[in-house]
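Let me begin by presenting the structure, written as structure tokens, before commenting on it.
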Amino acid sequence: MIINLKISRRLLSFGGIFFLLLAGIVADQWIVTSDVPVSRPIEQIKTKQLVMGLTINVDWGEEFVPAILDALDQGKAHATFFVTGRWAKKNPELLKIISNRGHQIENHGYSHPHPDKLSIGANEEEIKKTESIIEGIIGKKTHLYAPPYGEKGASGVRAAEALRYETVLWTLDTVDWRADSTPEIIAKRIVNPAIQYGIKPNKSGAIVLMHPKANTVKALPVILDQLTRDGFSFQTLDELITSEHIGDTTSQKN
């Protein structure tokens, strides 16, 4: 009985150590301590120049992408496409076309989950899996991350940081995914954003969020034409961040 008792205590001790180790691993994946600040996502590029960054988040709607590319060509605009890994895997030739026509391809996670509901490790896997697929198709490694649903909780942002990614959100949202977003309303939200935000935001260096939707295809030429008349040009995010005319490349947070 004494021997059995000693063995039981040793097993309990071993089990306790194992539990603490496992808890430590889980905590490392889930908990962000309050004394370690989380970087804020890029929402706008600080510049006095009349430049904007058009971003298109893609997890569906491939049937509308060719028309969007044509509108961008006609408007002499470059854009940044944030695509999911599963979409890229299903549409490799279309991804090549987007890249070959001068647009930037970046990371939107693999399966479009809610980043705030995932661990840091799970978010890292979403980003890494997509990075690998995109690089395998176009030969370019992604380095910008647009979190699905625009979620900016600690686990998603921290995962991006760990992989040396910049997290990107937006300044102006077309809200084109909503059923009541007509082409006219979509265009007004960007050309005259005061109708949505109640104030007149600074559009210089603004990042615009769009999706491949039928009404977006109709609204895009209007947006490009009007803002071009106002003196704006449209660049990829890399061009917007690093081009010489920006000067100060620090991001402006809203």
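Here are some notes:
- Pairwise centroid distance, computed over Cα atoms, of the stretch 139-192 with the stretch 49-113, Å: 13 Å
- Whether the stretch 43-162 is rounded, prolate or oblate, judged on the alpha carbon gyration tensor where a/c under 1.5 counts as rounded: oblate
- What the Cα atoms of the stretch 44-252 give is an Rg and a Dmax of 16.2, 46 Å.
- Computed lengthening from VAL175 to HIS143, 0.36 nm per intervening residue step minus Cα-Cα distance: 9.0 nm
- Count Lys and Arg as plus one, Asp and Glu as minus one, and take only other residues whose Cβ is under 9 Å from that of HIS143; the net charge is then -2.
- Cut-off 10 Å between beta-carbons: net charge of the residues surrounding ALA214, Lys and Arg +1, Asp and Glu -1: 0
None of the figures in this text is laboratory data; all of them are computed from the coordinates on show. Given the structure is predicted, the values throughout are model-derived calculations rather than measurements. Every residue, glycine among them, receives a Cβ derived from its backbone with ideal geometry; neighbour counts consider all protein chains shown.
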